[in-house]
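The values are calculated or read from the model by the stated rules, or taken from the named source; none is laboratory data. Note that the structure is predicted; figures quoted are calculated from it, not measured. Ideal geometry is used to build each Cβ from the backbone, glycine not excepted, and the neighbour counts take in all protein chains shown. When the accessible area is computed, the model is the full protein with side chains, heavy atoms only, and any ligands, DNA or RNA have been set aside. Shrake-Rupley method; radii C 1.70, N 1.55, O 1.52, S 1.80 Å.
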Amino acid sequence: MNILVAGGAGFIGSHLCDALLSKNNTVIVADKLIMGSKNIEHLSQNTNFKFYEVELANQDNVDKLFKDNKIDIVYHMAANSDISKSANDTSIDFNDTLLTTRVLLEGMRKNNVKNIFFASTSAVYGEMPDIVLNEETGGLKPVSYYGGAKLASEALISSYVSMCDMNAVIFRFPNVIGPRLTHGVVYDFVKKLRNNPKELEILGNGTQCKPYIYVTDLVNAIVKLTEQFEPGVDVFNISVMSEGTSVTHIAEIVVDVLGLSDVEFKYTGGDRGWKGDVPRFKYDISKVLATGWKPEYTSDEAIRKAVIEAVQASMQHNRTSGPAQS
């Protein structure tokens with residue numbers, strides 16, 4: 001099949017490209033390379049891989065993509081993924097998340113493409129700390145621009161599915177970690193402790209607690225549940241089978257992996273890291289488990305694995321870059 005991965009040069013998108021190419025699909029990646037091209041450089045020699053550096057919020061650009069490639073499925077992974085970043089620039093989520101959704105759906109409508117996967121988020125639920133969230137939970141009130149743009153995108157997809165006889169699978173992600181990660185608490189803690197192994201600043205009070213899923217577990221679920229699209233919209237909460245991991249425990253795991261001792265944790269205070277952050281939530285994932293998929297790693301295991309890989313990648317980078325030669 002010919003598959004368009006919008007945002008395929010990103011952290012999760014690039015892992016999805018790896019999985020789709022391993023199944024002998026032709027993968028067309030469209031990305032404006034906010035984070036650079038390093039995540040997909042290893043794919044450049046694959047004859048089933050095509051890349052377009054393109055602004056996906058532009059209809060003419062996307063129309064040309066569909067015209068030049070006979071697309072069977074769209075995987076919409078394009079979005080701003082840094083919630084705190086968009087707090088300072090309210091245009092980011094509108095442009096990179098909501099507008100890209102509308103433009104891609106229009107491209108599909110014009111070219112009679114019927115199947116779309118959309119990467120949504122737990123942030124669409126807003127703050128419901130005392131409710132175990134399932135796909136039918138109502139009263140969704142996002143508290144970040146990111147969550148609002150994702151929920152609006154879900155609504156647009158639902159309307160296009162109804163009006164244009166499309167089929168959609170929507171995953172509401174928790175925190176995702178693993179190789180190629182470029183931001184988030186695990187990334188930040190490793191970086192901070194590399195700079196100062198005696199002290200670690202922790203945003204909030206450290207009790208914030210969320211589930212963390214390893215990226216290959218997530219990608220395996222995406223591939224499995226999009227092998228065949230059912231009519232209409234199918235929404236899945238996707239997460240781990242264990243409880244979440246607190247921010248303080250993440251810090252403890254990072255310290256342990258780095259082999260440090262006597263690290264002083266300094267908390268900035270408050271119940272969250274930044275405005276728009278949701279300090280805790282719990283998912284009901286019985287719907288996705290009923291499909292036969294289950295994650296390999298718990299939240300704590302995923303974090304430890306991601307930290308080990310981040311440290312190994314940093315050491316490898318230092319060895320290969322080396323000191324400047326005179």
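Find the relative contact order for the chain and round it to a whole percent, using C-alpha pairs within less than 8 Å whose residues are 6+ positions apart.
18 percent
Counting only DSSP beta bridges with both residues in the range 174-326, tell me the antiparallel percent, nearest 5.
Numbers: 2 of 10 bridges.
That works out to approximately 20 percent antiparallel.
Residue by residue through the range 121-128, which ³J(HN,Hα) values in whole Hz follow from phi under the Karplus form 6.51 cos²θ - 1.76 cosθ + 1.60 (θ = phi - 60°), with glycine and proline marked x?
The phi angles translate into 7, 4, 5, 5, 6, x, 9, 9 Hz.
Accessible area per residue of the chain at 1.4 Å probe, in Å²?
Solvent-accessible surface per residue comes out at 47 Å².
When a/c is below 1.5 the answer is rounded, else prolate if a/b is larger than b/c, else oblate, so apply that to the range 1-79 with a ≥ b ≥ c taken from the square roots of the Cα gyration tensor eigenvalues.
Oblate shape, in that a/c is at least 1.5 and b/c is the bigger or equal ratio.
Per q in 0.25, 0.28, 0.30, 0.32 1/Å, what log10 I(q)/I(0) does a Debye calculation on the alpha-carbon atoms of the range 17-60 return?
With one equal scatterer per Cα and no solvent, log10 I(q)/I(0) is -0.92, -1.05, -1.13, -1.20.
Note the angle between two axes, namely the Cα long axis of helix 299-321 and the longest principal axis of the Cα atoms of the chain, as a number of degrees from 0 to 90, rounded to the nearest 10.
For helix 299-321, the angle is close to 80 degrees.
Can you bin the range 81-122 into rounded, prolate or oblate? Criterion: square roots of the alpha carbon gyration tensor eigenvalues sorted a ≥ b ≥ c, rounded for a/c under 1.5, prolate for a/b above b/c, oblate for the rest.
Oblate.
For a test of the definition: using alpha carbon positions, the gyration tensor, and the 1.5 limit on a/c, classify the range 234-303 as rounded, prolate or oblate.
Numbers: a/c = 4.24, a/b = 1.62, b/c = 2.61.
Judged from the Cα gyration tensor, the range 234-303 comes out oblate (a/c at least 1.5, b/c at or above a/b).
May I ask you to give the percent of accessible area on the chain that is carbon plus sulfur, with a probe radius of 1.4 Å?
49 percent
Just the C-alpha atoms of the chain: what Rg/Rh do they give, with Rh taken as the Kirkwood radius?
Ratio of gyration radius to Kirkwood radius: 0.97.
What value, in deg cm²/dmol to 500, does the helix sum -39500 (n - 2.57) over DSSP H runs of n ≥ 4 give at 222 nm once divided by the residues of the chain?
-11500 deg cm²/dmol
Positive end of the dipole of the chain, charges at C-beta (+1 Lys, Arg; -1 Asp, Glu), about the Cα centre: which of Val132, Leu225, Ser286 has its Cα farthest in that direction?
Leu225
Express as a percent, rounded to the nearest 5, the fraction of DSSP beta bridges in the chain (both residues included) that run antiparallel.
Antiparallel bridges make up about 5 percent of those DSSP assigns within the chain.
Does anyone have the angle between helix 145-164 and the longest principal axis of the chain? Alpha-carbon axes, 0 to 90°, nearest 10?
Long axis of 145-164 versus the principal axis of the chain: about 20 degrees.
For the range 8-30 and the range 204-221, what is the centre-to-centre distance using only Cα atoms, to the nearest Å?
21 Å
Relative contact order for the range 57-106: what is it in percent, counting Cα pairs under 8 Å that are at least 6 residues apart?
55 percent
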